[in-house]
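The numbers here are math on the coordinates, done by the rules we state, and not lab data. Keep in mind it's a predicted model, so treat the numbers as computed, not measured. As a convention, Cβ positions derive from the backbone with ideal geometry for all residues, glycine included, and neighbour counts pool all protein chains shown.
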Amino acid sequence: MRVGVLASGTGTNLQALMDEVHGREGISIVAVGGENPSAFALERARMARIATSVFEEQEYMADRVARDLAMAQWLVSHGVELVVLAGYMRLLAPEFLARFRNRVINLHPALLPAFPGLSAIQQAIDYGVKVYGATVHFVDEGTDTGPVILQRAIPLPDGIDIYTAHALIRPIEHSLLCEAVRLIAAGNVAFDKDNPRATIVTPIESGAGR
Ligand code: GRF
């Protein structure tokens, strides 16, 4: 399975994918793109000799559809079959999603549907919840509203600061995202025919040989 990754920031999740899934189980990360030319994620990809491209907003005169279609076309030209949003901080235009129907996944640092959108961990701290977590979900036209693939919860200690909370969730994010990509590559993520919101995820061990 050929994977394209979109990232805007430091790219620790991209790094986890490159370290844990790239080149294994038939999975290759073939393209890494984004809107931010100074994202360290792009540098990580270059160091791994993966194709990169930056789609800067000003180049497209704030025409989000044109920019997203150019990005989609670039991913298609690399034969990308699954698009992974790994800290990609923009909403994708419906026109992009139409090119990759049910083939775009996102990682969100909250237990959706709680705390969608920006600053999810701060939202959880401000709300005073006792558990928080990470979600990998399919991307639809909404903000963090698509069908959930995997979630994992951890305690949110009382009085914790945002930096510590982020540090605690990072390894969870890395392992959840790698697991989701592996599951999709193995054909172990399906949609529930009775509930379009629900996915049916078969663990890789018990799915072997299907
Ligand atoms: C992660 O916390 C992810 O959940 C959020 O953006 C962050 C990206 O981190 N969407 P990194 O750039 O992968 O280190």
Mean Kyte hydropathy of -0.5 or more with a Cα span along the axis of at least 30 Å, helices from DSSP in the chain: 162-185
Of all beta bridges DSSP finds with both residues in segment 3-104, what is the antiparallel percent, to the nearest 5? 5 percent
Note, segment 90-95: 3J(HN,Hα) by Karplus (6.51, -1.76, 1.60, θ = phi - 60°), whole Hz, Gly/Pro = x, goes 10, 7, 8, 5, x, 4
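Order 108-119, 21-32 from most to least packed using the mean count of other Cβ atoms within 10 Å.
21-32, 108-119
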Long-range amide H contacts for ILE154: which residues qualify at under 5 Å (H placed 1.01 Å from N, peptide plane, sequence gap of 5 or more or a different chain)? TYR132, GLY133
Indicate the gyration tensor shape class of the chain (rounded, prolate or oblate), computed on the Cα atoms with a ≥ b ≥ c the square roots of the eigenvalues: a/c under 1.5 is rounded; otherwise a/b larger than b/c is prolate and the rest oblate. rounded
Which whole-number percentage describes the relative contact order of the chain, with Cα contacts under 8 Å and a sequence gap of 6 or more? 18 percent
Whole-Å distance, taken between Cα centres, linking segment 136-186 and segment 102-131: 8 Å
Could you work out the helix-only [θ] at 222 nm for the chain, with each DSSP H run of four or more residues adding -39,500 (n - 2.57) and the total divided by the number of residues, to the nearest 500 deg cm²/dmol? -10500 deg cm²/dmol
By how many nm would the segment from GLU20 to ASP192 grow when fully extended, if each residue of separation counts as 0.36 nm and the alpha-carbon distance is taken off? 59.1 nm
Counting pairs of alpha carbon atoms under 8 Å apart in space and at least six apart in sequence, what relative contact order in percent does segment 85-174 give? 28 percent
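So what is the relative contact order of segment 1-68, in percent, for Cα pairs below 8 Å that sit 6 or more residues apart?
32 percent
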Determine the percent antiparallel among the DSSP beta bridges restricted to the chain, to the nearest 5. 50 percent
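List the trypsin sites (Lys or Arg not before Pro) within segment 71-169 that fall in a DSSP loop (any state other than H, G, I, E or B) and whose Cβ has at most 12 other Cβ atoms within 10 Å. Write down the numbers at each step before the final one.
On the way: sites: ARG90, ARG99, ARG101, ARG103, LYS130, ARG152; in loops: ARG90, ARG101, ARG103, LYS130.
Hits after loop and neighbour filter: ARG101, LYS130.
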Kindly give Rg over Rh for segment 107-210, based on alpha-carbon atoms, with the Kirkwood expression for the hydrodynamic radius. 1.01
